[in-house]
Amino acid sequence: MIALGDPVLGEDEKRALCSVIDSNWITMGDRVAAFEQAFAELHEAEAAVAVSSCTAGLHLSLKALGLGPGDEVLVPSLTFVATVNAILYVGATPVFVDIENVRLPHMSLADATTKCTPKTKAVLVMHYGGYIVDLLKWRSFADDRQLLLIEDAAHAPGLNDVGKWSDAAVFSFFANKNMTTAEGGMVLARDSSVRDHVRHMRAHGMTTGTLDRHRGHAYTYDVTMLGYNYRMDELRGALGLAQLSRLTKWNSRRRELIDYYRRSLAKLAPEIAIPFTQEHKTAAHLMPILLGNGVDRVAFMQRLRQAGIQCSIHYPPVHLFTYYQEQFPGSSLSQTEQFFDREVTLPLHAALKQTDIDGIVRVIQEAISTM
């Protein structure tokens with residue numbers, strides 16, 4: 001089976017994990033702090049805050065920025081459900097915005113404009129597939145309306161544009177991401193008070209940490225706010241440091257593989273469309289393709305799986321899920337729904353070979369020719 005998105009793990013990761021076990025300190029400590037510093041430096045940021053997941057980071061960021069009941073947040077439906085769930089966690093209301101079009105599946109500025117109301121307090125953009133949204137345009141959009149701008153950067157680690165223009169940017173280190181800590185996330189925020197608030201909330205709102213008390217730097221603690229158990233542990237911090245050192249190289253390799261996909265598909269299966277342009281800046285997290293109208297997607301995906309090629313769909317639109325239809329009935333996003341009807345995600349990861357892509361494209365050519 002050619003996997004959709006395998007992590008790259010090896011001796012460096014084994015040594016990193018063993019060193020944590022040998023240290024006999026496995027909860028949040030020096031390795032997490034070192035990971036935060038290295039991640040911030042890579043993104044040319046002042047500081048970063050590690051958390052237990054991207055979902056946790058989004059929740060804490062929205063909370064730290066003061067969003068709550070009565071506030072509306074503009075958000076794409078073409079995303080993983082956690083992006084929208086986090087808005088509900090703070091009691092705010094998600095307002096679903098359509099994508100620009102099927103070839104540019106980023107949240108539409110025009111549709112966002114029509115959906116602004118006096119209750120709109122923030123816009124939450126998502127870098128679909130690792131392709132960066134036009135952050136300067138969204139910053140201008142937000143500033144003109146006195147809105148907060150938040151990035152779901154789960155697909156876009158390692159690009160220094162991310163986090164520079166928004167009020168907060170949140171990353172994922174889940175197992176299928178460009179780099180992984182198995183579970184985990186990171187928050188960047190321009191305002192140090194927002195970072196401090198996120199850092200404080202991630203550990204129950206406590207004034208001192210376990211390691212401080214262990215080292216004798218503090219004997220007790222206070223709780224000054226409602227907090228959460230959203231900490232990252234030392235095992236994940238060490239794993240993150242090992243992975244981060246190769247992220248730039250892996251992202252470059254992913255871009256090379258996408259370019260090879262584009263050339264191969266254009267030659268052998270020109271009926272297949274590929275979202276975005278070759279020049280679009282990307283961390284190359286996903287390899288999405290668009291089938292032609294009328295192609296049986298289920299049959300197409302079955303053909304790939306029968307040939308040992310794992311594939312998927314990114315994403316079922318959030319506004320079509322049963323829970324969200326019950327909570328927010330009547331949502332209709334024509335471009336998002338058209339994209340969802342045609343999209344298939346092909347394998348893409350740093351260990352993929354060009355010979356693997358040759359085989360994948362041949363199967364696609366054969367499948368399309370019989371449909």
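All of the numbers you see were taken from the coordinates with simple rules; none came from a lab. All figures in this text were calculated on a predicted structure; none of them were measured in a lab. Note: ideal-geometry Cβ built from the backbone for every residue, glycine included; neighbour counts use all protein chains shown.
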Placing +1 on the Cβ of each Lys and Arg and -1 on the Cβ of each Asp and Glu in the chain, which of Cys18, Gly227, Val187 has its Cα farthest towards the positive end of the resulting dipole? Cys18
In terms of Cα to Cα distance under 20 Å, which lysines are near enough to Lys267, apart from those fewer than 8 places away along the same chain? Lys353
Relative to the longest principal Cα axis of the chain, at what angle does helix 192-201 sit, 0 to 90 degrees, rounded to 10? 80 degrees
If the label point sits 7 Å along Cα→Cβ of Asn101, residues of segment 259-292 with amide N under 12 Å come out as 276
Using a cut-off of 23 Å between alpha-carbon atoms, which lysines can reach Lys121, once sequence neighbours fewer than 8 places away in the same chain are excluded? Lys63, Lys137, Lys164
Would you please give the FRET efficiency between Met225 and Gln37, computed as 1/(1 + (r/R0)^6) with r the Cβ-Cβ distance and R0 = 30 Å, to the nearest 0.05? 0.75
Once fully extended, how much extra length lies between Lys14 and Met1, figured as 0.36 nm per residue of separation less the alpha-carbon to alpha-carbon distance? 2.2 nm
Where does segment 2-68 land on Rg/Rh, using Cα atoms and the Kirkwood Rh? 1.06
Which one of Ala48, Ala92, Ala153 has the biggest mean-square fluctuation once the chain is modelled by GNM with Cα springs under 10 Å? Ala92
With just the Cα atoms of segment 63-134, tell me how far they stretch along each of the three principal axes, in Å, largest first. 35, 24, 17
Students often get this wrong: which residues of segment 273-303 have the backbone nitrogen under 12 Å from the point 7 angstrom along Cα-to-C-beta of Arg255? 278-285
HN-Hα couplings for segment 345-353 via Karplus (6.51, -1.76, 1.60; θ = phi - 60°), in whole Hz with x for Gly/Pro, come out as 9, 9, x, 7, 7, 5, 8, 5, 10
Set the Förster radius R0 to 41 Å, insert the Cβ-Cβ distance between Gln310 and Ser23 as r into 1/(1 + (r/R0)^6), and round the FRET efficiency to 0.05. 0.65
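Between Arg263 and Thr114, take the C-beta separation as r, use R0 = 35 Å, and let me know the FRET efficiency to the nearest 0.05.
On the way: r = 39 Å, r/R0 = 1.10.
Efficiency for this residue pair is about 0.35.
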Starting from the amide H of Ser312, placed 1.01 Å from N in the peptide plane, find each other amide H under 5 Å away whose residue is 5 or more places distant or on another chain. Thr345
DSSP-defined antiparallel bridges as percent of all bridges, the chain, nearest 5: 50 percent
Through the Karplus equation 6.51 cos²θ - 1.76 cosθ + 1.60, θ set to phi - 60°, convert the phi angles of segment 86-102 into ³J(HN,Hα) values in whole Hz; use x for Gly and Pro. 4, 5, 5, 4, 8, x, 7, 10, x, 10, 6, 10, 6, 7, 4, 5, 5
Residue among Thr114, Gly129, His204 farthest towards the positive dipole end of segment 105-212, charges placed on Cβ: Thr114
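What ranking do Ser332, Ser77, Ser108, Ser312 get, fewest neighbouring Cβ atoms within 10 angstrom at the top? Each step should come with its number before you reach the end.
Numbers: Ser332 10, Ser77 26, Ser108 20, Ser312 16.
Lowest to highest Cβ neighbour count: Ser332, Ser312, Ser108, Ser77.
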Write out the GluC sites (Glu not before Pro) in segment 1-98 meeting two conditions: DSSP loop, and at most 14 other Cβ atoms within 10 Å of their Cβ. Glu44, Glu46
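Give, to the nearest whole percent, the P(r) tail of segment 247-369 beyond 16 angstrom, counting all Cα pairs. Before the final figure, lay out each step's value.
Numbers: 4821 of 7503 pairs.
Here the tail beyond 16 Å accounts for 64 percent of pairs.
Suppose every K and R has +1 on its Cβ and every D and E has -1 on its Cβ; what is the size of the dipole of the chain about the Cα centre, in Debye to the nearest 20? List each step's numbers first, then the result.
Details: 36 positive and 41 negative charges, 85 e Å.
For this selection, approximately 400 debye.
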Once Lys and Arg are counted +1 and Asp and Glu -1 for all other residues with Cβ under 15 Å from that of Leu149, the total becomes -4
